[in-house]
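These notes concern the structure reproduced below.
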Amino acid sequence: MDARKIQLPREIHTGAGMIKETGKICRNLRLDGDVMVVTGPNTRKIGGDAVIESLLEEDYNVNDITIDNPSKSSVEAVQDEIKQCSLVLGVGGGKVIDVAKLASTRAAVNFISVPTAASHDGIASPRASIKDEGGNVSLKAEPPIGVIADTEIISKAPFRLLAAGCGDIVSNYTAILDWKLAHRLLDIDYSDSAAALSEMTAKMTINSADAIKEGLTESAGLVVKALISSGIAISIAGTSRPASGSEHKFSHALDIVAPKPALHGEQCGVGTIMMMYLHGGDWKFIRDTLKVIKAPTTAYEMGIEPEYIIEALQMAHTIRSERYTILGDRGLTHESARVLAEKTGVI
């Protein structure tokens, strides 16, 4: 067997008020030296200040930087600022965490993920989604050395973000089907353990759909743990295959063609409905589960015109074309894309 290293978070801390323990957690991880806290314009007040205060209480020398978007320039700006630091904490949503994760990877600095919302599985995954001229690109990064998820803060984030996180988790179903298909047809590497963890995570989330409510710390805890598990499955597999297939291709295509795309997890959830139809699976069950969670299931609910859904479906197979999925090498025609979207009620 070829030797391969699997990197996973050393510690995961979840619970109400957990953000106040940040400094102590860092000390217990034996992390010393200067610290950089990366936040966003809104998340500085939501969680960044509390993190900085907790670190100062443990006598850390703390610096901070605020980033506006998940762009290459933001990554470079953070990377320049952390050269003398031994630890970076990303405090915010997916954009902040992805920028901090990639910058710390490139600078060979320890990284801790401190999510203020649970909108997608980047919380603990070895991937970072960064914007470039052609839209969002998923880049390889090191997973965080630790995760500190304060469920009280996450429960107070707009419920739309939590529902989007559920959409990202549910999409594991079609991602695994695509992975199995590519394994059978092209003999690509496949990990039973990573696939099992990914499927279990999606199944547990769907089984708990009725319990995912707005404003509940228990709901926030359930979703954030599922997102972390999904990220760990990616680390075990050494590829994002356990959590990214044709439904993610559709979402990335939609990011390119739609004037105002929806949230990543929302688009992946809607994509899962259609891709499950192509796989011949129970797409209605996926749709109905997303409805229970109050995640969008139609173009209208995402605020996207039907024409962009059809265009994204036609383009989706060209996104990461080396990754074979149910969309095949040639993709869908305009007519087949329209019929697919109409039959599943997306348009």
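The values are calculated or read from the model by the stated rules, or taken from the named source; none is laboratory data. Being a predicted model, the structure only gives us computed values, none of them experimental. Glycine gets a Cβ as well: all are built from the backbone with ideal geometry, and neighbour counts include every protein chain shown.
Tell me which residues, restricted to the range 224-277, are among the β-branched types (Val, Ile, Thr) and either closer than 25 Å to TYR308 by Cα or within 12 Å of the chain's Cα centre (by Cα) (or both). Hits for the range 224-277 are VAL224, ILE228, ILE232, ILE234, ILE256, VAL257, VAL270, THR272, ILE273. Regarding ALA299, is this residue of a type in the set (A, V, I, L, M), outside the structural domain of ILE145 (by TED's automatic domain parsing) and closer than 28 Å to ILE6 by Cβ? Against the criterion (of a type in the set (A, V, I, L, M), outside the structural domain of ILE145 (by TED's automatic domain parsing) and closer than 28 Å to ILE6 by Cβ), ALA299 does not qualify. Scanning the range 67-80 turns up no residue that is surrounded by 14 or more Cβ atoms within 10 Å (Cβ to Cβ), within 16 Å of ILE148 (Cα to Cα) and touching a residue at least 40 places away in the same chain (Cβ under 8 Å). When the helices (runs of 4 or more DSSP H) confined to the range 20-128 are screened for residues that are farther than 18 Å from ALA157 by Cβ, hydrophobic (A, V, I, L, M, F, W, C) and modelled with pLDDT under 95, those reaching at least 1 such residues are found at 72-81, 94-107. If I filter the range 82-90 for residues that are in contact with a strand residue (DSSP E or B) (Cβ under 8 Å, 6 or more places away or on another chain), touching a residue at least 60 places away in the same chain (Cβ under 8 Å) and under 22 Å from ASP150 (Cβ atoms), do I get at least one hit? Checked the range 82-90: at least one residue is in contact with a strand residue (DSSP E or B) (Cβ under 8 Å, 6 or more places away or on another chain), touching a residue at least 60 places away in the same chain (Cβ under 8 Å) and under 22 Å from ASP150 (Cβ atoms).
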